[in-house]
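Just below is one structure, and these are the notes that go with it.
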Amino acid sequence: MLDKTKKDWFKSAVAYQIYPKSFQDTTGNGTGDLKGIIKRLDYLKKLGIDVIWLSPVCKSPQVDNGYDISDYRDIDPMYGSLDDMKELIKEGKKRGIGIMMDLVLNHSSNEHKWFKEAKTSRDNPYHDYYVWRDGTKDKAPNDMIACFGGSAWTWVDEVNQYYFHQFAPEQPDLNWENADLRREIYDMILFWMDLGVEGFRLDVIDQIAKEPDLKITNNGPKLHEFLRELSRETFQKGCLITVGEAWGADIERAKLYSNPDGSELSMVFQFKHILLDQGNEKWDLKPLSLVELKKTFADWQIALHNKGWNSLFLNNHDLPRTVSRWGNDKEYRVQSAKMLATMLHGMQGTPYIYQGEELGMTNIKLNIDDYKDLETLNMYKERKEKGYTHEDIMNSIYARGRDNARTPMQWDNSENAGFTTGTPWLSVNPNYKDINAEMALNDENSIFYYYQKLISLRKEYKIFVDGDFTLLEPEHGKLFIYSRKLDNNEMLVICNFGDDKTEYKLPNEWKNANVLIQNYNDIKTDVLRPWESMILYK
Ligand code: TEU
């Protein structure tokens, strides 16, 4: 177990993200719950992870699956009760597994009592907790567009004003300029810290300092001032792991966020690697360039070494499954899932595994009526109106839709993959008979055990945590090779990114090195097989 009394324990930790709605149902209502997570803690212990990033479980009308919170201090009845949460924290701790709560601080639900008050009158003390601007009913303050489509402004008759929302109209933006609001947020965070939570993930934290008059959404001028106050008033009173979601973070900003002096957060989720195969908009696809991918990772690895800290991830609840996106989820599903894991876990940073990634779960194709995500459904409508063909839109959804990652966890080959005895809220991927946890646990060559090994290597060899990073063969279009060095030791990570065999002469000095992990049974010294990967150490 990790010694979590050390301030920088997050550097040796491996995190696992749970999307609670899709993890494990115990009541038969078709959605996951906290008791379901407790039931599966031994599975996670076996995998070897140290913390769970739990997507939002607070009270919510669920317009955006919990990213619209109506009570920050209570659990949504769909997931259980506050007592269940206490139980989860306790049972987790017994197994060395902490809980990271998901803090949605940029916006609340429109059902939050603050907003219900705020919209009654301009004189209401809660009015200023949100971002209001004058205008006339038929003319919004400006033409800003919300992330899920439509105007970012919604009119309220009672106050004759518009409120600002970067996401859905049901997710009004909070006004961080208001000191009383900030105090309420800090007290709420301290409440969860008192209950024994070990960390936080901060939703769209780079958007809290918005300046709508200047059309600034992320990276507003006061962002880091707000963050430093937040951190001082809350996180720094404990020994926590904190990660901010920051689509707008570049390297220089990431150094501020993850400053080793602990003044802001432990690290951020930045998305430069994720954005590489995207056109102008998220739904416009372009092929991934491996050379660019390598350069992007290398730039971050090198720049943050000793100057900050990286998070390492390829998947989350907003992204398609990487094995389907960059790997081959058909004939090389197992090899490519292992290769992608090797590529990522060999780097410096804190790895995050998204539920089902350790099983090689894949994207799904549904009929449009079976999708649940508001982002997907809004986009379908918008693009239909703009004249895109059904087929064209569906291809974007198959490739990019968020529901790809949100299908229920595949536990076994019983009905509904052992996720629920009722009707699942979102279709189970029909491939669950071939891809499920029970099978993985009975197969010593499974992706699950490969992840287990990667996690244990990170605990055993300091070089994973502290070693520096050098990219080798940067211009090679098929191979991703890098080395890590610490004192007199060196580690070589070799990945063949694709379905083809690729010529590669293993350098002589590596021929007798220890093989820490590999996804084929042997090593050939002159060629790499499809999706082959290995980590060598000397
Ligand atoms: O996501 C932030 C965000 O910008 C996403 O909307 C992202 O652009 C999109 O999902 C890419 O497809 C966070 C949460 O992770 C997401 O689930 C929420 O919907 C969103 O914030 C609003 O809280």
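The values are calculated or read from the model by the stated rules, or taken from the named source; none is laboratory data. Nothing here was measured: the structure is a model prediction, and the numbers come from that model. Note that each Cβ is placed from the backbone with ideal geometry, even for glycine, and that neighbours are counted across all protein chains shown. Areas reflect the complete protein model, heavy atoms only, side chains present, ligands, DNA and RNA absent. Shrake-Rupley method; radii C 1.70, N 1.55, O 1.52, S 1.80 Å.
Couple of notes before you dig in:
- When the solvent-accessible area of region 239-391 is split by element, carbon and sulfur atoms take up 47 percent of it, the probe being 1.4 Å.
- Theoretical gain in end-to-end length, E281 to N306 [0.36 nm per residue, Cα-Cα removed]: 5.6 nm
- The mean accessible area for residues of region 113-164, using a 1.4 Å probe and ignoring ligands and nucleic acids, is 54 Å² per residue.
- Solvent-accessible area, 1.4 Å probe, carbon plus sulfur percent, for region 34-171: 48
- Projected label distance in nm at D74 and Y388, using a 7 Å step from Cα toward the beta-carbon: 3.9
- Selection from N363, P221, I517 lying farthest towards where the dipole of the chain points positive, charges on Cβ: I517
- Average Cα contact separation per residue, the chain, under 8 Å, 6 or more apart, as relative contact order %: 13
- Check: region 398-441 dipole with +1 on Lys, Arg Cβ and -1 on Asp, Glu Cβ, in debye: 280
- Computed on region 38-151, with alpha-carbon pairs under 8 angstrom and 6+ residues apart, the relative contact order is 23 percent.
- Mean Cα-pair separation over length for region 454-537, i.e. relative contact order, pairs under 8 Å, 6 or more apart, %: 27
- Charge-dipole axis of the chain as Lys and Arg at +1 and Asp and Glu at -1 on Cβ define it, positive-most pick from Q452, Q278, G248: Q452
- Mean ellipticity per residue at 222 nm, deg cm²/dmol - from DSSP H runs of n ≥ 4 across the chain, formula -39500 (n - 2.57): -8000 deg cm²/dmol
- Check: region 226-370 dipole with +1 on Lys, Arg Cβ and -1 on Asp, Glu Cβ, in debye: 400
- About the centre of its Cα atoms, the chain shows a dipole size close to 1280 debye [charges on the beta carbon of Lys, Arg (+1) and Asp, Glu (-1) only; nearest 20 debye].
- Expressed as a whole percent, the accessible area of region 454-537 that falls on carbon and sulfur atoms is 42 (1.4 Å probe).
- Entries in K255/K330; K21/K113; K307/K462; K338/K365 that, when Cα-Cα distance is taken, lie over 29 Å: K255/K330
- Simple label model, 7 Å out from Cα along Cβ direction - N413 to K45, nm: 2.9
- Within the shell of other residues whose beta carbon sits under 10 angstrom from the beta carbon of N259, the net charge comes to +1, with Lys and Arg scored +1 and Asp and Glu -1.
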